[in-house]
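The values are calculated or read from the model by the stated rules, or taken from the named source; none is laboratory data. These numbers were taken from a predicted model, which means no experiment stands behind them. No Cβ is skipped: glycine too gets one built from the backbone with ideal geometry, and neighbour counts run over all protein chains shown.
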Amino acid sequence: MTVAARARTLTIAAAALTALLATPARADAQRAVSDFKAGRYLDAATEIQAVVDRDPGYAYGHFILGHCLLKMRRPAEAEGAFRRALAIDGGHPEFHLGLALALKAQANFRPAIQAASIGIALAHDPKDLLPLLVVRGFLWSAVGHWGDAARDLEAARQIRSDPAICLLLARAYVNIGAFAAAIPRLKDAEAGSPDDPTVQRLLAVSYLGAAAAEPDPARKKALYGEALSPARRLAGAQPDDPDAVHLDARATLGVGEAQLAVGLFLRVLSLDPRRCTAMVNLGRAYMSLGRWYETMGDLYLRQGMTEQAANAFRRADEIEPRDGSPGRAGSADMIPVRAPR
């Protein structure tokens, strides 16, 4: 997932936290809350620090201070503020969310998951539960627990179907191989961000994955056809990205355009000569065209076995003589065969 997509996702939690900070504060904390909402985080931190210095037992003051410090990119100090708030009153789910965010900002993902889990157990209002589910889902994905991430993010989507939540959820589904489940969520994300390359990439991957698992030939080809649009959009926007071109090539081969697919697979290999999957798929494209010897010739050539490659291309030319057009990947007279020792 792109940095922009991650930022959009975490904005959900930030918006929810802004709502939480709308909770009535003591009169001496109101100015700090107002400054926080206006983005004056240093001023807010200074004001609320003075409040908690006068009254160290004011849990909500430590909570506000923690968020100010997070915004100022001082997560270790923010963690301390949230822990002080929790030591005074551990019954607020939003305090546990704040601690989870501070730990996440320090890449302490496991403790952050524990903090979010406590908050989830305490949350009864959907507005409290939503950001906790989103943050824990994000944290599960950070440690590779994609099934747990999908569970939390699906629960969050049931509360609020936001494009950013749908994108994170789809990514989790893709990583557990649930391609059919990912597709509708990616469509939701695409509606909110139609030009996002992450969405287009995941859509192509999901349709290709669903097509590979589909036993019905007609349905399989239809799924490859669905993959073609996002794959070509992505490859058109990122023509030097071998991953993007490979997705386009796979979809193209899947819909039966083998000749075009050959050119695309060769393009992938020109960008990444050691990509084994592209070599295999190039062979499949050649074989679907009945060009068996070219398949072997290309594979031999890429392994540095020039004599075997020359023999294979020579045999291909005997079966289907070249017309001088540049359609072939190679030919016998283009390969420098080593002289016998």
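Of all residues being assigned to a helix (DSSP H, G or I) and free of Cβ contacts under 8 Å to residues at least 24 places away in the same chain in segment 265-281, which is surrounded by the most Cβ atoms within 10 Å (Cβ to Cβ)? Just the residue, please.
Per the stated criteria, the residue is PHE265.
Pull up segment 234-261, narrow it to residues that are among the acidic types (Asp, Glu) and not in a helix (DSSP H, G or I), then point me to the one that is nearest to VAL174 (Cα to Cα).
Out of the qualifying residues, it is ASP241.
If you go through segment 16-47 one residue at a time, how many are β-branched (Val, Ile, Thr) and at pLDDT 85 or above?
2
Please specify each residue of segment 24-39 satisfying the condition of being of a type outside the set (Asp, Glu), under 38 Å from the mean Cα position of the chain (by Cα) and crowded, with 16+ Cβ neighbours inside 10 Å.
Residues satisfying the conditions are ALA32, VAL33, PHE36.
In this structure, does ALA231 turn out to be modelled with pLDDT of 95 or more, over 21 Å from ARG275 (Cβ atoms), assigned to a helix (DSSP H, G or I) and not charged (D, E, K, R)?
When the stated conditions are applied, ALA231 does not pass them.
Taking segment 161-174 as the region of interest, how many residues are touching a residue at least 40 places away in the same chain (Cβ under 8 Å) and either under 12 Å from SER141 (Cα atoms) or not in a helix (DSSP H, G or I) (or both)?
Residues that pass the stated criteria total 3.
Quick check: anything in segment 210-219 part of a helix (DSSP H, G or I), buried (at least 19 other Cβ atoms within 10 Å of the Cβ) and under 16 Å from the mean Cα position of the chain (by Cα)?
No, segment 210-219 contains no residue that is part of a helix (DSSP H, G or I), buried (at least 19 other Cβ atoms within 10 Å of the Cβ) and under 16 Å from the mean Cα position of the chain (by Cα).
GLN114 passes all but one of (1) in contact (Cβ under 8 Å) with a residue 12 or more places away in the chain; (2) under 23 Å from PRO126 (Cα atoms); (3) not β-branched (Val, Ile, Thr); which number fails?
Checking GLN114 against (1) in contact (Cβ under 8 Å) with a residue 12 or more places away in the chain; (2) under 23 Å from PRO126 (Cα atoms); (3) not β-branched (Val, Ile, Thr), the one that fails is (1).
Got at least one residue in segment 155-170 being within 21 Å of GLN238 (Cα to Cα), buried (at least 20 other Cβ atoms within 10 Å of the Cβ) and modelled with pLDDT under 95?
Scanning segment 155-170 turns up at least one residue that is within 21 Å of GLN238 (Cα to Cα), buried (at least 20 other Cβ atoms within 10 Å of the Cβ) and modelled with pLDDT under 95.
Go through segment 22-74 and tell me which helices (runs of 4 or more DSSP H), entirely inside it, have 1 or more residues that are in contact with a helix residue (DSSP H, G or I) (Cβ under 6 Å, 6 or more places away or on another chain) and of a type in the set (Lys, Arg).
The helices (runs of 4 or more DSSP H) meeting that bar are 30-37, 59-71.
Restricting to segment 41-79, give me the number of residues that are surrounded by fewer than 17 Cβ atoms within 10 Å (Cβ to Cβ) and not charged (D, E, K, R).
Residues flagged as surrounded by fewer than 17 Cβ atoms within 10 Å (Cβ to Cβ) and not charged (D, E, K, R) within segment 41-79 amount to 7.
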